[in-house]
Ligand code: MN
């Protein structure tokens, strides 16, 4: 495919006009992973994007919903064979409540185990204030592709994650932030990916859309000292490698042929 913008973390079901947004994504030609926050909303997101060439619905269970939605883990397991994409999942230690954190860990460990067994999943992962536990949960034998979404932890844990081959997706809000240069500098260039986290991230006065990853490209171009079209080519190459990696891992073990 011709190098182009893409978005590995976008909340299609939470925008004001999902159908219109799908049409815009199609006309822009921007491959987009449409994350969901609970298994019970995955199917409606999948329906919204049915027939779309560029929207890939992802099955998720957001850590901030884990305490109230952990009963949906059974539904998560049943739906998992219907998609290669998983997110938003992870841990969020903004809560101080030890029992909520425990439930988050139990849910996340179960999800990571299911994805490891499947072998070809692409996960977009939330890790706020819980980065070390997120990386530890995957261990060093995880079968699948991991994208750390909106990473904001220590550089030491970031190094550990990238040494394991994890990708790091960066969004317009991160690109405006003080730590961006430091984080970008630390991630190998072939492990950087784009995201918006729209509509939670804004661009100007409106919620970010997948094509707003162009704002991130602008900033990366400045920091790397590389022309914008070369940045897009490099990052799109990373995106294509990400998609190949999971698939080949699964087919090498003789599974996944029935998965799309
Ligand atoms: Mn998100």
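All of the numbers you see were taken from the coordinates with simple rules; none came from a lab. Model, not experiment: these values are computed from the prediction. With ideal geometry, Cβ positions are generated from the backbone for all residues, glycine too; neighbour counts draw on all protein chains shown.
As a test of the formula, what do you get for the chain when each DSSP H run with n ≥ 4 contributes -39,500 (n - 2.57) and the sum is divided by the residue count, at 222 nm and rounded to the nearest 500 deg cm²/dmol? Spell out each step's value before the answer.
Details: 11 runs with 119 residues, N = 260.
Calculated from helices alone, the mean residue ellipticity at 222 nm is -14000 deg cm²/dmol.
Along its principal axes, what span do the Cα atoms of the stretch 1-78 show, with the longest given first and each in whole Å?
Projected onto its principal axes, the Cα set of the stretch 1-78 covers 41, 23, 22 Å.
Beta carbons within 10 angstrom, averaged per residue: use that to sort the peptides 156-168, 60-72, 223-235, highest first.
60-72, 156-168, 223-235
What shape does the stretch 74-160 have by the C-alpha gyration tensor, where a ≥ b ≥ c are the square roots of the eigenvalues, rounded means a/c under 1.5, and otherwise prolate means a/b greater than b/c and oblate the rest?
Because a/c hits 1.5 or more and a/b fails to exceed b/c, the stretch 74-160 counts as oblate.
Based on the Cα coordinates of the stretch 114-198, what is the per residue volume of their convex hull in Å³? If you can, show how the numbers build up before the last one.
Values: hull volume 8.0 nm³, N = 85.
Convex hull volume per residue, Cα atoms: 95 Å³.
Would you mind calculating the relative contact order of the chain from Cα pairs under 8 angstrom and at least 6 residues apart, reporting the percent as a whole number?
20 percent
With a ≥ b ≥ c taken as the square roots of the eigenvalues of the C-alpha gyration tensor of the stretch 164-234, please select rounded if a/c is under 1.5 and otherwise prolate if a/b is larger than b/c or oblate if it is not?
On the way: a/c = 1.64, a/b = 1.43, b/c = 1.14.
Prolate.
Going by how many other beta carbons lie within 10 Å of each one, how would you line up 174, 1, 48, fewest first?
With the sparsest Cβ surroundings first, the list reads 1, 48, 174.
Can you give the percent of C-alpha pairs in the chain whose distance is more than 24 Å?
Looking at the chain, the distances longer than 24 Å represent 44 percent of pairs.
Take 239, 142 and order them by how many other Cβ atoms sit within 10 Å, fewest up front.
Numbers: 239 24, 142 19.
In increasing order of surrounding Cβ atoms, one gets 142, 239.
Over 12 Å, how big is the tail of the calculated P(r) for the stretch 8-48, in percent of all Cα pairs? Mind dumping the intermediate values first?
On the way: 471 of 820 pairs.
The proportion of pairs with Cα distances above 12 Å equals 57 percent.
Take the stretch 1-149, compute every pairwise Cα distance, and split them into 10 Å bins from 0; I just need the percent in each bin.
The distribution over the stretch 1-149 is 12, 42, 33, 13, 1, given as percents.
Which values of log₁₀ I(q)/I(0), to two decimal places, follow from the Debye formula for the stretch 35-84 at q = 0.16 Å⁻¹ with a uniform point scatterer at every Cα?
One equal scatterer on each Cα of the stretch 35-84 leads to -0.42.
What value in Å³ per residue do you get for the convex hull of the alpha-carbon atoms in the stretch 109-260?
Measuring per residue, one finds 120 Å³ for the Cα hull of the stretch 109-260.
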